[in-house]
1. Which numbered condition in (1) over 18 Å from the mean Cα position of the chain (by Cα); (2) in contact (Cβ under 8 Å) with a residue 40 or more places away in the chain is the only one that residue 255 fails?
2. Taking the options 306, 322, 338, 378, name whichever one is at pLDDT 90 or above, open to solvent by 40 Å² or more (accessible area, probe 1.4 Å) and either over 22 Å from the mean Cα position of the chain (by Cα) or more than 26 Å from residue 407 (Cβ to Cβ) (or both).
3. What's the total number of residues in the range 238-272 that are farther than 19 Å from residue 225 by Cα and among the basic types (Lys, Arg)?
4. In the range 280-296, which residue that is hydroxyl-bearing (Ser, Thr, Tyr) and open to solvent by 40 Å² or more (accessible area, probe 1.4 Å) is farthest from residue 396 (Cα to Cα)?
5. Of these, 27, 101, 47, 77, which one is of a type in the set (Gly, Ala, Ser), surrounded by fewer than 21 Cβ atoms within 10 Å (Cβ to Cβ) and modelled with pLDDT under 50?
6. What number of residues within the range 410-431 satisfy the criterion of being open to solvent by less than 30 Å² (accessible area, probe 1.4 Å), under 17 Å from residue 198 (Cβ atoms), among the aliphatic types (A, V, I, L, M) and modelled with pLDDT of 85 or more?
7. For the range 343-359, state whether one or more residues are surrounded by 14 or more Cβ atoms within 10 Å (Cβ to Cβ) and of a type in the set (Gly, Ala, Ser).
8. For the structure I just gave you, tell me whether residue 201 is open to solvent by 40 Å² or more (accessible area, probe 1.4 Å), within 28 Å of residue 416 (Cα to Cα) and of a type in the set (Phe, Trp, Tyr).
Amino acid sequence: MPLASESVSDHATGSEVARRSSITPSANTRGSRILIERRVIPTNILANALRNSARAALLGYSIRSGLLFLLRFLKVARGRMSLVTALRESFTGMDSGRMAAFFAVFAFVWKAAPAPPAMLLPPCGPSISPKFFRAATQFIFVIAGSLNTLAKYQSASYQHSRMNAFISGGLAGAIACLFEKRQWRIDMSQQLFVRGMQAVFNSLANNGRFHFRHGNSLIFALATAQVMYGYVMRPETIPPSYYKFILTTGPIPKPILELTRQQLANTVPLDPNALVAAVKTCKPTAHALECAKTIPAFPDYMPCAFLHPSVDACGAQASATFVKVMKSILPVYAALNFVPMVVLKTRELARKPQQLLLRGLKNTARSSLFLGVYVATFMRIACFFRTPFFRRYFPRDSRYLYWVNGFVSSAAIFIEDEKRRSELAMYVLPKGMDALYRTLYSKSWIIGVPHFEVAMFGAAMGLIVMHFETEPDALGGIIYRLLRRVDLTIEDAECISRKEGAVEDVAERGAKLSS
């Protein structure tokens, strides 16, 4: 499809240069392959950047404070915190301020950074009538007998746009992330980097260069296996907040898990008094208490009665675990589904409230079911590893069996919608990679790089912004919607108010320009 080049009118912003929207003319995409050139207007650069910064600050503040309030409201409902305290800590705390500053600085640098390199590089067209320049350029190339030269000219303009977007996004991300805590930078740099790589692979798939069926489920299984291995054997390789979440949601109490970890290490004898004390903290049955007293100093494995002392039957324990996880995780998934809906889909929610609310309820129930099945399956497989049949082939417990357990339990991911599987894979992958990195680092197999998270954050944002400005179909939905809200200077009004799925009028516009 030929590329059409056009300039922005006088009211356009000055921070966007040679921007391309990669959209195919269909109802399910975000535009058409149109090269949109935007000339830099120095007098408007600062005003545009400040305007973007103000709206981004509001967006960042509302997202962080809204999530914090919903999570603290659960404590209010349970009588653990007063409503006034929840409001004060959510809306006046430093966390919300840091997020607002991060969004504001990112938007300002993103919109101001492209101007200097754009003014140094030769523009794709002079500041004359865009239609005249386009027609004249094509005429000259045709007269010269080289349509291939025209394609190279437009391709060079496209590469200029991609490089410019990568530099501006990377610089904005590297500077803005300094306003957040170091642990936040580490966590988010991992999350955003895999989002950037996801965009790269989606771009390859969209162009027919790469495709792997159920690759997202495989990535989720591998990453979760490493995380669950760290949960059982090396908790220091998992972020403290995430480890606490697994402990709270998981079926094995902390004292029981610590003694099981000691037994797997097989270096220090187990203390009989510690075994009994650990079981007594879990409201044990008489059978579990008696079993704890008979465990030797160096056992081959910890019996099922010790792993779940409050319930004797393994099947009943799995069922109780499922119900416990469902009750605890339903409010969390409700917040994760409805808060972004209110913040990022305000217009669509006003038009179709019933449809979106039902979708949110369905997604909440489905995600809660997935996690309940996953945790219950993990516990049931752990009990299977202790059956006489399994012990016939593996007489002693092994730390690597918990890696296998985490991998097999990940089959619960197929409960989720296919799009949601990609989101879960992108969420768990950074944590699995970080756990593997920390494990290898502790063995001195790799080295550490100071402030590496800042460089990774910048590279990740560079990739994301580059695809947002040149190939938005490759981005995940929530990432695109978030950046679209920050980006106030998109020329097409359809791109601001379009639905999540389709923009038929933009596709028609692209078809007309390409004809």
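1. The failed condition is (2).
2. Details: 306 fails: open to solvent by 40 Å² or more (accessible area, probe 1.4 Å); 338 fails: at pLDDT 90 or above; 378 fails: open to solvent by 40 Å² or more (accessible area, probe 1.4 Å).
None of the other options fit; the residue is 322.
3. Number satisfying all stated conditions: 1.
4. Step one: list which residues in the range 280-296 are hydroxyl-bearing (Ser, Thr, Tyr), which gives 281, 285, 294.
Cutting the leftovers down to open to solvent by 40 Å² or more (accessible area, probe 1.4 Å) gives us 281, 294.
On the way: 281: 27, 294: 17 Å.
Ranking the qualifying residues of the range 280-296, first place goes to 281.
5. Details: 101 fails: modelled with pLDDT under 50; 47 fails: modelled with pLDDT under 50; 77 fails: modelled with pLDDT under 50.
When all the criteria are applied, what remains is 27.
6. Looking only at that region, the number is 4.
7. no
8. Numbers: open to solvent by 40 Å² or more (accessible area, probe 1.4 Å): yes; within 28 Å of residue 416 (Cα to Cα): yes; of a type in the set (Phe, Trp, Tyr): yes.
Spelling it out, residue 201 is indeed open to solvent by 40 Å² or more (accessible area, probe 1.4 Å), within 28 Å of residue 416 (Cα to Cα) and of a type in the set (Phe, Trp, Tyr).
The values are calculated or read from the model by the stated rules, or taken from the named source; none is laboratory data. None of these values were measured; they are calculated from a predicted model. FYI the Cβ positions are ideal-geometry reconstructions off the backbone, even for glycines, and counts take in every protein chain you see. Areas reflect the complete protein model, heavy atoms only, side chains present, ligands, DNA and RNA absent. Shrake-Rupley method; radii C 1.70, N 1.55, O 1.52, S 1.80 Å.
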